Amino acid sequence: MKKQIWIIGLFLSGAILSAFAGQPIAGTEMQAKTAQASHQGAGKVVSVNKAMLTIKLAHEAIESLGWSRMMMDFKVADAALLEGVKAGDAVTFELGEDAKTGYWQITRIMPHGTKPTGTR
């Protein structure tokens, strides 16, 4: 009887392990998501709010995020990113995920014809 219980237990543990084979271990899916740390975009500055550390962009599609072209506000990772950027500027930018909020924020921005600024 003990041998039968042991064999059944061994069989069940094998079945459970094979059912979970290839499944991510808890937490690894989030780590994989953040593995692509940044995404690039291009657009036009609509407005800059230095007090709120935000910038409104009318941006082109960002395929790596599955986003179509749209207008939206972004937080910036650092106030220095807003220096020299004004409404009407055509820019390229980089988005990184804010570790605290999980939202995408501007980590680099470059008005066309200038040197890039950023937190890299």
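The values are calculated or read from the model by the stated rules, or taken from the named source; none is laboratory data. From a predicted model like this one, the values you see are computed outputs, not experimental measurements. Note that we place each Cβ from the backbone using ideal geometry, even for glycine, and neighbour counts take in every protein chain shown.
From the set of residues in the range 37-73 that are in contact with a helix residue (DSSP H, G or I) (Cβ under 7 Å, 6 or more places away or on another chain) and either modelled with pLDDT under 95 or not in a strand (DSSP E or B) (or both), which is surrounded by the fewest Cβ atoms within 10 Å (Cβ to Cβ)? Step by step, filter the range 37-73, then rank; the result is Lys50.
Annotation: of all residues in the range 49-83 being farther than 16 Å from Arg108 by Cα and not aliphatic (A, V, I, L, M), the one that is nearest to the chain's Cα centre (by Cα) is Ser64.
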